[in-house]
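S.K.: Shown below is the structure under consideration.
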Amino acid sequence: MDALSLLLVLIGLAVGSAAGYAVRKVFLSKRDREVAQQTQRMIDEANMKAKEMVMEAKNESLRMQEEIKREERMKHEQLEKMEQRLTSKEQSLDKKLDESEKMKSDLEQKAQSVKALREEIEKMYNAQAAQLQKIAALSPEQAREMLLKQVEEEAKGDLLIQMEKAEKELKDSAKERARYLIADAIQRVAADVTAESTVTIVNLPSDDLKGRIIGREGRNINTFEQITGIDVIVDDTPGSIVISGFDMIRRYIAKMTLERLIVDGRIHPARIEETYEKVKEDVNNIIKELGEKAVFEVGVTGLHPNLVKLLGRLKFRISYGQNVLKHSMEVAVLAGALAAELGADVNVCKKAGLLHDIGKAVDHEIQGNHVKIGAEIAKKFGLTPDVVHAIEAHDGDIEPKSVEAMLVEAANLISNARPGASKENLDTFIRRMQELENLCLSFGGVKKAYALQAGNEVRIFVNADDLDDLGSKRLSHDVARKIERDFQHPNPIKVNVIREIRKDATAD
């Protein structure tokens with residue numbers, strides 16, 4: 001082998017060694033990196049676990065701190081409750097101690113008071129003993145005079161009280177006596193105030209008319225009762241029937257209607273309606289004539305025609321057993337006579353006396369007290385303030401501020417107080433019937449409502465266009481429940497709801 005070959009071999013060996021070293025270095029470098037990465041991962045995992053352990057330890061520490069704080073709070077609350085109980089007991093003990101000290105102080109004061117009272121009694125005893133010793137040396141006349149003087153001084157206050165009481169009783173008895181004297185003095189001008197009952201008897205020329213009045217299947221009597229709002233009672237009483245109703249105007253119209261039908265002889269629904277309308281118009285004229293007659297008899301002038309007509313309606317109004325129109329005329333005469341004697345305004349007294357109950361003509365149609373209603377009517381028709389004030393004050397609701405108002409009030413009391421003039425039960429009954437009708441009229445769809453059979457039955461007429469048969473049935477139930485809830489009634493009240501439909505046709 002030559003030198004060149006040896007050189008090449010050496011070069012090859014050198015190159016191979018260098019290449020092997022380079023490859024080995026690359027391999028070792030890659031392995032070192034893998035080891036380093038694995039080591040780093042292990043370090044990271046160890047750090048994560050360390051952090052987790054730190055967090056768990058921290059959470060456990062917080063939980064233990066919360067538990068310790070909760071236990072401390074509970075113990076603190078227990079200590080506060082114990083402190084409060086101790087404070088309460090301490091306050092209770094202090095209060096009892098204060099009460100015992102107060103009782104002790106009161107007892108000491110009472111003891112001192114008893115001691116002072118005992119000393120005072122002893123002084124009085126000694127004074128009385130000295131007085132008795134002094135009296136023993138007096139004559140009987142001197143002792144009597146001294147005793148009377150002492151009794152007079154002690155009884156002076158009681159005598160004054162007794163004198164005032166006797167004076168008051170004397171004034172009251174004198175006032176009552178004066179009222180009776182005035183009532184006795186005005187007997188000559190007292191009007192007839194006999195109360196009318198709630199029924200009217202209609203005489204029949206023959207009992208055969210009862211069947212015609214009833215009609216086939218009760219058609220005539222049902223029509224008559226529906227139109228007039230009055231109950232017709234056909235019983236076995238020969239030669240008469242009874243019409244019943246608390247409203248005197250309705251009852252009077254029904255009576256005249258029935259009498260005209262009896263005279264005419266034609267009794268059927270159409271004729272009943274026709275006669276009723278004519279009688280109603282005639283009664284309005286009669287009411288106007290009654291008002292004009294009352295104004296003429298009393299001597300009052302200058303009243304509005306509509307006010308005179310309202311006055312005539314009082315003929316058909318009963319209050320406390322008195323006919324209100326006759327009672328008003330009586331009050332007007334009395335007030336005028338008293339005014340003439342005392343020099344007051346006679347015209348004001350007569351007007352106020354005649355119109356003092358004018359509110360009762362419409363109090364069943366307008367809500368409110370009849371006194372206020374009457375005053376409003378008087379203002380509406382332009383009466384003077386003196387007359388309006390006398391009307392407002394006639395019932396004692398307000399204090400009278402004029403002589404005329406006082407005289408009207410006195411005349412009203414005289415008319416009401418005389419024997420036989422008052423009968424409260426009838427007025428209460430009429431008001432109760434009106435309240436029952438108004439209760440029924442408060443429902444929607446109701447056209448008319450009439451209380452019959454002394455309030456044991458109520459008939460309600462409804463608009464056929466507003467309510468159907470089911471609505472009428474529901475209305476009867478609602479009215480019955482409202483009567484049970486809001487209306488005082490000793491007996492059961494029958495509620496009849498009537499819905500009528502009429503169809504007309506013309507035959508050519």
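S.K.: Name the one entry in 300, 308 that is in contact with a Lys or Arg (Cβ under 9 Å, 6 or more places away or on another chain), at negative phi and part of a helix (DSSP H, G or I). Working first, answer last.
M.R.: On the way: 300 fails: part of a helix (DSSP H, G or I).
The unique qualifying residue is 308.
S.K.: Looking at residue 289, is it free of Cβ contacts under 8 Å to residues at least 60 places away in the same chain, among the charged types (D, E, K, R), surrounded by 15 or more Cβ atoms within 10 Å (Cβ to Cβ) and part of a helix (DSSP H, G or I)?
M.R.: Answer is no for this residue.
S.K.: A further question on this structure: Modelled with pLDDT under 85, over 41 Å from the mean Cα position of the chain (by Cα) and not β-branched (Val, Ile, Thr), is that true of residue 341?
M.R.: The answer is yes for residue 341.
S.K.: Please tell me if residue 243 is touching a helix residue (DSSP H, G or I) at 6+ places or on another chain (Cβ under 6 Å) and in a helix (DSSP H, G or I). Let's see the steps before the verdict.
M.R.: On the way: touching a helix residue (DSSP H, G or I) at 6+ places or on another chain (Cβ under 6 Å): yes; in a helix (DSSP H, G or I): no.
No.
S.K.: Quick one: which residue in 390, 421, 417 is at pLDDT below 90 and under 16 Å from residue 350 (Cβ atoms)?
M.R.: Working: 421 fails: under 16 Å from residue 350 (Cβ atoms); 417 fails: under 16 Å from residue 350 (Cβ atoms).
After applying the criteria, what remains is 390.
S.K.: Condition test on residue 361, is it without any contact (Cβ under 8 Å) to a residue 24 or more places away in the chain and of a type in the set (A, V, I, L, M)?
M.R.: Judged against the criteria, residue 361 is not a match.
S.K.: Within the range 219-246, which residues are touching a residue at least 60 places away in the same chain (Cβ under 8 Å) and either over 34 Å from the mean Cα position of the chain (by Cα) or under 17 Å from residue 284 (Cα atoms) (or both)?
M.R.: The one that is touching a residue at least 60 places away in the same chain (Cβ under 8 Å) and either over 34 Å from the mean Cα position of the chain (by Cα) or under 17 Å from residue 284 (Cα atoms) (or both): 225.
S.K.: On to the next question. Residues 469, 465: which one is without any contact (Cβ under 8 Å) to a residue 12 or more places away in the chain and either more than 28 Å from the chain's Cα centre (by Cα) or surrounded by 18 or more Cβ atoms within 10 Å (Cβ to Cβ) (or both)?
M.R.: Every option except 465 fails the conditions.
S.K.: State whether the residues of the range 346-360 include one that is under 22 Å from residue 255 (Cβ atoms) and among the hydrophobic types (A, V, I, L, M, F, W, C).
M.R.: no
S.K.: At pLDDT 90 or above and either surrounded by 13 or more Cβ atoms within 10 Å (Cβ to Cβ) or assigned to a loop (DSSP other than H, G, I, E, B) (or both): is that true of residue 460 in this structure?
M.R.: Answer is yes for this residue.
S.K.: Being acidic (Asp, Glu), under 17 Å from residue 370 (Cβ atoms) and either out of contact with any His (no Cβ under 7 Å at 6 or more places or on another chain) or part of a loop (DSSP other than H, G, I, E, B) (or both) is the filter here, so list the residues in the range 382-417 that pass it.
M.R.: Residues satisfying the conditions are 392, 395, 397.
S.K.: Looking at 298, 283 in this structure, which one is touching a residue at least 12 places away in the same chain (Cβ under 8 Å), within 30 Å of residue 265 (Cβ to Cβ) and in contact with a helix residue (DSSP H, G or I) (Cβ under 8 Å, 6 or more places away or on another chain)? Explain how you work it out, then say what you get.
M.R.: On the way: 298 fails: within 30 Å of residue 265 (Cβ to Cβ).
One residue alone meets the criteria, 283.
S.K.: Within the range 279-294, is even one residue small (Gly, Ala, Ser) and over 30 Å from residue 234 (Cα atoms)?
M.R.: yes
S.K.: Scan the range 258-280 and report the pairs whose first residue is assigned to a helix (DSSP H, G or I) and whose second residue is loosely packed, with under 15 Cβ neighbours inside 10 Å, with Cβ atoms within less than 7 Å and a gap of 6+ or a chain change.
M.R.: Partner pairs satisfying both residue conditions: 269/219.
S.K.: Take residue 344 and decide whether it is over 30 Å from residue 436 (Cβ atoms) and part of a helix (DSSP H, G or I).
M.R.: Against the criterion (over 30 Å from residue 436 (Cβ atoms) and part of a helix (DSSP H, G or I)), residue 344 does not qualify.
S.K.: For the range 354-371, name all the residues that are part of a loop (DSSP other than H, G, I, E, B), buried (at least 18 other Cβ atoms within 10 Å of the Cβ) and either modelled with pLDDT of 80 or more or of a type in the set (S, T, N, Q) (or both).
M.R.: 356, 357
S.K.: Still on this structure: Give the number of residues within the range 472-507 that are more than 19 Å from residue 453 (Cβ to Cβ), exposed (fewer than 15 other Cβ atoms within 10 Å of the Cβ) and at pLDDT 80 or above.
M.R.: So the count comes out to 9.
The values are calculated or read from the model by the stated rules, or taken from the named source; none is laboratory data. Quantities reported herein were computed from a predicted structural model and do not represent experimental measurements. Note that we place each Cβ from the backbone using ideal geometry, even for glycine, and neighbour counts take in every protein chain shown.
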